[in-house]
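A quick write-up on the structure given underneath.
The values are calculated or read from the model by the stated rules, or taken from the named source; none is laboratory data. Just so it is clear, the structure is predicted and the values come from calculations on it, not from any experiment. Cβ placement follows ideal geometry from the backbone for every residue including glycine, while neighbour counts extend to all protein chains displayed.
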């Protein structure tokens, strides 16, 4: 996913940094302590919210970190991901949701051992070159990169910010032992100008760049993630209901309110919210455009099954 060279150690950037072995039971003499004291371990930023809670990320409060220390060509703000990774705001065991800023960036011969979706925010262009094609992701464009894809080149000159969804959350770069059965699915590019926004239900329209075959207007079929540009118009779910899936929403335009218990989360452009499975929520929006990233992709089937089960209980 995000690394600057196959010669670096990207695993360390996305995993827990080792802490010291602990305190000695007895303090040695001052000189011995100076000689034997271990080097101070770098701090790990504590996740402010436990796994399983709703988390709101304000656009003006994001913290960007160098993925590879000392190399600023790729800066990331991990909205949702490994609860122990540096900079993670909301911990989860599902997908990762990251804002990545590429600038003067070049990565060659990278093997995707995971599924990744990229949505271009306002800024420069991110270029992906595979064996067969070249894809240029600009503002509003979407790119689905299935597991097993080999990138001959991933490059950006001018700073190119992107929303990124990755599955699984504990991805690892390829090594000599990595392999997969069969050929990877094709990379799918969705140009902003060509995206089809279709009616999904009352007050909601969606352009599904990636999702299950049953989703309306889906471009790239996936049984892992569902990533869609979603437009809400006088939309209100009327009551708080339990989430049947994990969902990350990023507000592109307009405003959105999420009610949960006694809390009302007001979101505007650049804000994001993480709503894990099981959270009680109600959506309200007069007008908004969102990027929705959902796991698992078959969330509609899960909702239908839950509604059917609830109907059976009421009948009894």
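Okay, here's what the table says:
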item	result
The listed residue being farther than 26 Å from residue 279 by Cβ and outside the structural domain of residue 208 (by TED's automatic domain parsing), out of 164, 111	111
Scan of the stretch 55-93 for residues that are out of contact with any strand residue (DSSP E or B) (no Cβ under 9 Å at 6 or more places or on another chain) and over 23 Å from residue 168 (Cβ atoms), ordered by number	60, 61, 69, 70, 71
Residue identified as on the phi < 0 side of the Ramachandran plot, surrounded by 18 or more Cβ atoms within 10 Å (Cβ to Cβ) and over 18 Å from the mean Cα position of the chain (by Cα) among 258, 224, 204	258
Selection within the stretch 131-173 - in contact with a strand residue (DSSP E or B) (Cβ under 6 Å, 6 or more places away or on another chain) and at pLDDT below 95	169
Filter pass, residue 108 being without any contact (Cβ under 8 Å) to a residue 40 or more places away in the chain, touching a strand residue (DSSP E or B) at 6+ places or on another chain (Cβ under 6 Å), surrounded by fewer than 19 Cβ atoms within 10 Å (Cβ to Cβ) and in a strand (DSSP E or B)	no
Failed condition for residue 186, given (1) over 18 Å from the mean Cα position of the chain (by Cα); (2) closer than 23 Å to residue 137 by Cα; (3) in the same structural domain as residue 284 (by TED's automatic domain parsing); (4) outside any strand (DSSP E or B)	(3)
Elements of type strands (runs of 3 or more DSSP E) contained in the stretch 51-98, each with 2 or more residues being under 16 Å from residue 293 (Cα atoms)	55-57, 71-81
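Residue by residue, here is whether (1) over 19 Å from residue 123 (Cα atoms); (2) loosely packed, with under 14 Cβ neighbours inside 10 Å; (3) not assigned by TED's automatic domain parsing to the domain that holds residue 150 holds:
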position: 62; (1), (2), (3): no, no, no
position: 76; (1), (2), (3): no, no, no
position: 83; (1), (2), (3): yes, no, no
position: 90; (1), (2), (3): yes, no, no
position: 104; (1), (2), (3): no, yes, no
